[in-house]
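Comments concern the structure below.
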Amino acid sequence: MDSQHWRAVITAAQAGDRRALDELVEGWLPLVYNIVGRALNGHADVDDVVQETMLRAVGNLGSLRDPDSFRSWLVAIAMRQIRDRARRRTPDRLEEAAASDFAELTVLRLQLQGQRREVAEAVRWLDNEDRHLLSLWWLEVAGELTRRELAAAVGITRQHAAVRVQRMKERLETSRGIVRALDGACPDLREMTGRWNGRPDSVWRKRLARHLRGCGYCGGTREAVVPAERLLVGIALVPLPVGFTLSLALGGKTAAAATSAGWSAKLLGALTKPAVAMTAGATIVAGGAYVVTQPPDAPPPRAAVTPTATAGSAPPRTSAPPAPTPKSSPTATKKADPYGTVVDAVERAPDPNARPAALPRRPESGITSTGGPKAVMQHRGDSVTLTGRGYVLVRWQISPGSRPGALVMPSWTGLKGRLFHVASGGWRRMDDPLPGAPNGYATGMGGPGIGYAVLPPGTQQMWQNEYFYLDGSVTLTQNERGCDYGLTVFPSNRDAVVEDIDTGPDRGALRYGLVRDTGTDSAPVPQYVTRATPADPATVPQRSRV
């Protein structure tokens, strides 16, 4: 950052220069947004706190004696607003959902991968006090703040700040281990989290941390763990959201009132419009950090009406649509079930004691994945490309407790060759009842206490584990735009599929698996699959035509 330039800008703004005030607000707004957004993890109050911070800073700019201390002064104002907001919150607002998870925004907008992504997601597991401190330490490591400014913002000495930061880092590393373990395949952990609602909190953090300390599977690190501070170096600020409007920026004040308070016409216009460039790839300078902006995301589809249910009941199921009738053609008259005409439809769940049919044997030479042996896809737009001949496991994790509503299904695009839906397992269907489940859950799809994950009409109800057979290549994309869910994709083999689906109630599961493979081209084709490569994978039709 050019400190001499900003010193001149601040001095000019204090003297009443409207252009300097414009530049000051536009230049430092992204820094404040990142501090507040990360401290509150994207809560709906973020916009209000950011705008109140900027209003107070502009209103009290004349009281700033040393322009060189502007950044620490501004950050201290932001932290006071964050603390004031926490004190104002009433008990009935403590469980409000985040407007847009800031950890998710960080991953998506900065395109973080690997352990950098792991650090961003671990923030969800921190308590408020740690998250507030991390919002400053993150920027310190990224070169946006100094330790002196961090300490001043928190209101403690540099020595005390060092102790606080060290303790926070220890809890962050524990949270990273939890994120890593939840992405794994530990059977004990899977059983332990069967009644967890999917919402990170301190109680579950302690439970999972105890499990990690005593579990050889989860405790064994498969790769070298890079310290968080090394991962954060060079990470830019998260861009301001498109649509940062005047009504929010002025805390409800009118434009006339804002003008009388000293806001220039140019600044009012800037705040009335998106605060960042609308062109994909445009680069601006924001508080000394280069920020790559993106065009606005397409609006999510409207959720269907939340199904009503009594406590302990499963969500209503959609009746199966009539199966499409294959159309005859001169080239298909000798083939009763040409590939691509069979679509799996909604079905009744099998009896818990019903063992699956034998799984036909198909040729296997192995599957390669761009996501490696385990591709974790937790956010909209995540994708993995699979190539080869063999079996693939797609494991579901649905979290209506985090965000219920319409579930926008993943899609298979760019298919070359053939793809079949061969089996379902994982010990349960996701709409199976969960006896004694806490926190409002009735099934894996949610419950009346928290809301449901709602499938599009006619969509096949997924199981915990869904197995597919690929002979060719295809890309699977996570299209989350409503209900919160995640997918983990593993290249697998027939023996692993058989072991899963043949494991039933003897291990406490609700049911055995289900075989769908006929061994021929009449085996079901997955829903939401296409040979095309659309710009938005979420637009792939449910009725597959491949």
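The values are calculated or read from the model by the stated rules, or taken from the named source; none is laboratory data. Note that the structure is predicted; figures quoted are calculated from it, not measured. Neighbour counts run over all protein chains shown; Cβ positions are idealised from the backbone, glycine included. Calculation scope for accessible area: heavy atoms of the full protein, side chains included, ligands and nucleic acids excluded. Shrake-Rupley method; radii C 1.70, N 1.55, O 1.52, S 1.80 Å.
A compact table of results
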| read-out | value |
| --- | --- |
| Cut-off under 5 Å, modelled amide H: who pairs with Ala423 long-range | Tyr467, Arg516 |
| Percentage relative contact order, segment 407-546, counting C-alpha pairs under 8 Å, at least six apart | 39 |
| Chymotrypsin sites (Phe, Trp or Tyr not before Pro) restricted to segment 3-45 and DSSP loop, no more than 13 other C-beta within 10 Å | none |
| Residue-wise HN-Hα coupling along segment 150-158, computed from phi with Karplus coefficients 6.51, -1.76, 1.60 (Hz; x: Gly, Pro) | 4, 4, 5, 5, 7, x, 9, 6, 5 |
| Accessible surface of segment 429-546, 1.4 Å probe, proportion on carbon and sulfur as whole % | 52 |
| In Hz, Karplus ³J(HN,Hα) per residue of segment 65-76 (6.51, -1.76, 1.60; θ = phi - 60°; x = Gly, Pro) | 7, 10, x, 5, 9, 4, 5, 5, 5, 5, 5, 5 |
| Segment 1-62 - percent of accessible surface contributed by carbon and sulfur, probe 1.4 Å | 43 |
| Heavy-atom accessible area per residue - segment 165-205, 1.4 Å, Å² | 46 |
| Placed amide H near Tyr485: partners under 5 Å, 5+ positions off or other chain | Ser399 |
| Distant-in-sequence amide H partners of Ser411 (H built 1.01 Å from N, under 5 Å) | Thr477, Asn479 |
| Note, ³J(HN,Hα) from phi for segment 470-481, Karplus 6.51, -1.76, 1.60, rounded to Hz, x at Gly and Pro | 10, 10, x, 8, 6, 10, 9, 10, 7, 10, 3, 9 |
| Rg [Å, one decimal], Dmax [Å, integer] - segment 430-486, C-alpha atoms | 14.2, 44 |
| Dipole of segment 467-546, positive direction: furthest Cα of Thr539, Ser522, Ser473, with charges on the beta-carbon | Thr539 |
| Spatially proximal aspartates and glutamates relative to Lys169 (Cα-Cα < 15 Å; intrachain offsets below 8 disregarded) | Glu118, Glu121, Asp127, Glu129, Asp130, Glu140, Glu229 |
| Environment charge at Arg171 (Cβ cut-off 9 Å; Lys +1, Arg +1, Asp -1, Glu -1) | -1 |
| Segment 411-511: C-alpha pair distances exceeding 17 Å, % | 62 |
